[in-house]
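Data first, discussion second: the structure below is written as structure tokens.
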């Protein structure tokens, strides 16, 4: 008998992907997007889940997916129209399959209540389907002759020659334009873009589209402006002539031939995440050995050894880049679940909310991606529950009754920024202050001395909540402190901005990877510490005339800008030197979008560091993010600068 247990992980992974895709399709159907491609995709998803479940012996999943497949087939054959009851039962079915996949992962017996949903779908299929919409009568030749010429939008795009993956950028572009209107022609077409067959010119990768859409040029311009790595684009209106229509028809006729051609061999394979972790560990050991060899060369320099070290350095960097690339995943893998979450939360609370996601293609280390779901769920729940008002309240405030939540991923230097913005009621600083005083989190005597930023940051205090009652999604005093703790454990930080009546934006600042990073080594007394260079703007040497003092606070004066100066000694509760040795070594840092100068004894140099996490109880110490080993075997702490201030 064949042992199927070794295929379980692959089954769960592929079924989860098909289920997520099917969820997205049902969400589109509910929103009125009835195009045949969406229905066909949902049908294929159900068919694939059915087949995989059958091969693994999971009959409960097989039978439920089979009933969904039949229902999607009725939609596909235009024997039935989409209605709320159909959407609701499809969502129940996808939720049930998700529950059963979790049970398989946890080696639990499959629950049997999926049969009820399956029977409900079967009953729906047996009922006389709703009549498909009547086709509108065709226009006479005279009517056609008097019609104004059809208009199309021509979009010419040039992808930057430095783009890491022009084909991926091309597919994102294709998808965004499909959301705006109907693509009549594309050069190169979608299949060639998928295969990476985009001609490269000295200026970049050109792609042109002919689009039939009601959107104006300004909205298309806005959409294209949000796609990264586009060097330039042009938008113009043209008449749809007979030649264009014939060419579009030829393209449609050619597609079935392309579908029956021999498919290219797959260019990717699934790799266990443990294997990627092993690669990182091996790479870390290589970096440590390289450091040891560098230390040995410094003690006894030999020209031949220097050449080998340079070669080893190049190979290590190349291996590092390849391993990091393999570990990177688009944030879409974690964001794709939120349209359904927002939809369900909004329905529960009687609110109307649309969710927009920008920058799904931005990549993060897999280890970070795995830690993001819980913090993001907390933020989305807060945006829906605390942020967006009911339609009636929004109308009273002169707002669109439909609320808007935007999740945007972007890059800033070596950091990835994930922002969650809502156009809701915003945060009332007076209410926050009042609640903090009531809960004993803020001294009443000092409440009025707090800055607006300090008041907003009170929401990250454990146990803080402005909700008057405990509900399913809020009022329990947990959530925002969890967000801050998890993000800081990833060497990131959280910032918040809000305007009463306008909305709130919470931004997660995350390193792209946390395993192997470039650090600056600094000396304090006899100890050496490491600071990730992505936290440092630059290093400076401060002379006496560049120091100012005001109300016991020293400042570094740089081009008429006053930058607060702190001493590393004081941050570690050590006695600062009574007199300065000029020039004073300092680092210019950026902490919560504000500049800070940090004085240190001396700068030792830069190194690639393989950072190992701290164990208990050191992991609880603010300001420490891990440890690394130098070439001479010395263990040094890696500092989380944001946690020190």
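The values are calculated or read from the model by the stated rules, or taken from the named source; none is laboratory data. Predicted model only: the values in this text are computed from it and were never measured. As a convention, Cβ positions derive from the backbone with ideal geometry for all residues, glycine included, and neighbour counts pool all protein chains shown.
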Which members of region 353-368 meet the condition of being assigned to a helix (DSSP H, G or I) and surrounded by fewer than 20 Cβ atoms within 10 Å (Cβ to Cβ)?
-> 366, 367
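Looking at region 510-532 only, could you name the residues that are under 17 Å from the mean Cα position of the chain (by Cα), within 29 Å of residue 573 (Cα to Cα) and surrounded by fewer than 23 Cβ atoms within 10 Å (Cβ to Cβ)? It would help to see each step written out before you state the result.
So in region 510-532, the residues under 17 Å from the mean Cα position of the chain (by Cα) come out as 510-514.
Checking the rest, the ones that are also within 29 Å of residue 573 (Cα to Cα) come to 510-511, 514.
511, 514, listed by residue number.
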Inspect region 450-467 for any residue being at pLDDT below 80 and farther than 20 Å from residue 496 by Cα and give the result as yes or no.
-> no
Could you check residue 107 against (1) outside any helix (DSSP H, G or I); (2) surrounded by 17 or more Cβ atoms within 10 Å (Cβ to Cβ) and say which number it fails?
-> (2)
Can you pull out the residues in region 389-439 that are exposed (fewer than 14 other Cβ atoms within 10 Å of the Cβ), more than 30 Å from residue 538 (Cα to Cα) and touching a residue at least 60 places away in the same chain (Cβ under 8 Å)?
-> 397
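How many of the residues making up region 48-62 are part of a helix (DSSP H, G or I) and surrounded by 16 or more Cβ atoms within 10 Å (Cβ to Cβ)? Give the derivation first.
As a first pass, look at region 48-62 and keep what is part of a helix (DSSP H, G or I): 48-56, 59-62.
Going one step further and asking which of them are surrounded by 16 or more Cβ atoms within 10 Å (Cβ to Cβ), we end up with 48-50, 52-53, 56, 60-62.
Count: 9.
If I filter region 343-352 for residues that are outside the structural domain of residue 24 (by TED's automatic domain parsing), within 12 Å of the chain's Cα centre (by Cα), surrounded by fewer than 17 Cβ atoms within 10 Å (Cβ to Cβ) and not in a helix (DSSP H, G or I), do I get at least one hit?
Pass one, region 343-352, residues outside the structural domain of residue 24 (by TED's automatic domain parsing): 343-352.
Restricting the remaining residues to those that are within 12 Å of the chain's Cα centre (by Cα) gives none.
Within region 343-352 (the criterion being outside the structural domain of residue 24 (by TED's automatic domain parsing), within 12 Å of the chain's Cα centre (by Cα), surrounded by fewer than 17 Cβ atoms within 10 Å (Cβ to Cβ) and not in a helix (DSSP H, G or I)), the answer is no, since none of the residues qualifies.
Quick check, is residue 75 closer than 28 Å to residue 181 by Cβ, in a helix (DSSP H, G or I) and touching a residue at least 60 places away in the same chain (Cβ under 8 Å)? Walk me through how you get there before you give the answer.
Numbers: closer than 28 Å to residue 181 by Cβ: yes; in a helix (DSSP H, G or I): yes; touching a residue at least 60 places away in the same chain (Cβ under 8 Å): no.
So residue 75 fails the test.
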State which residue is surrounded by the most Cβ atoms within 10 Å (Cβ to Cβ) when the search covers only region 605-620 and only residues that are modelled with pLDDT of 75 or more and in contact with a helix residue (DSSP H, G or I) (Cβ under 9 Å, 6 or more places away or on another chain).
-> 609
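To keep it simple, each residue is scored yes or no on (1) at pLDDT 80 or above; (2) loosely packed, with under 12 Cβ neighbours inside 10 Å; (3) in the same structural domain as residue 410 (by TED's automatic domain parsing); (4) within 30 Å of residue 315 (Cα to Cα).
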{"position": "186", "(1), (2), (3), (4)": "yes, no, no, no"}
{"position": "190", "(1), (2), (3), (4)": "yes, no, no, no"}
{"position": "199", "(1), (2), (3), (4)": "yes, yes, no, no"}
{"position": "202", "(1), (2), (3), (4)": "yes, yes, no, yes"}
{"position": "211", "(1), (2), (3), (4)": "yes, no, no, no"}
{"position": "218", "(1), (2), (3), (4)": "no, yes, no, no"}
{"position": "260", "(1), (2), (3), (4)": "no, yes, no, no"}
Tell me, which residue of region 621-637 that is in contact with a strand residue (DSSP E or B) (Cβ under 9 Å, 6 or more places away or on another chain) and within 26 Å of residue 554 (Cα to Cα) is modelled with the highest pLDDT?
-> 624
